[in-house]
Amino acid sequence: MKTTYYYAAWSDGGSDCHEGCDHKHRTVASAVACMKKAGAYVVAVELRKRKTANGYVAVGEPRLRELNEDEAVQFEQAMHGIPPQRYIDKVLYRNSFAPVLPK
Ligand SMILES: [Zn+2]
C-alpha cells in the first residue's frame, strides 16, 4: 500500500537549500497553512508500506514528487479560494459525468 503526505517547503534564499516544515500533513490544505515564506510551495511524499503482523512498516525510501493535477487544484483552492480556470477545465470537468459532445 502507498501513503502520501505533504509538507511545506521553501528555499532559504541564498544557498538553494531546500527547507521545509517537519510535519507529515495529511492534506494539501494543511501543508499550505504551514507555508512560512513567500514563494513557498508544497511537496508530496509517497511512502510504500507493507502490512506485517505488527502493523504497517515502511518499505524503501520515501519518494518526493511535485503535486499532481488533483493536488494542484487543492493547492490553488487553499491559496486563492478557487482553482484557476485551467484546472477547472482539465481536472474538474474530466472528473464530472458530463456527456462527451460529438465533434
Ligand atoms: Zn507543517
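Read the figures in this text as sums done on the coordinates, not as results from a lab. The shown structure was predicted, so the numbers you read here are calculated from the model rather than taken from an experiment.
How far, in nm, would the chain grow between His23 and Val45 when pulled straight, counting 0.36 nm per residue and subtracting the alpha carbon separation?
6.8 nm
Which of the aspartates and glutamates could a cross-linker bridge to Lys37, judged by Cα under 16 Å and excluding same-chain residues fewer than eight apart?
Output for Lys37: Asp12, Asp16, Glu19, Asp22.
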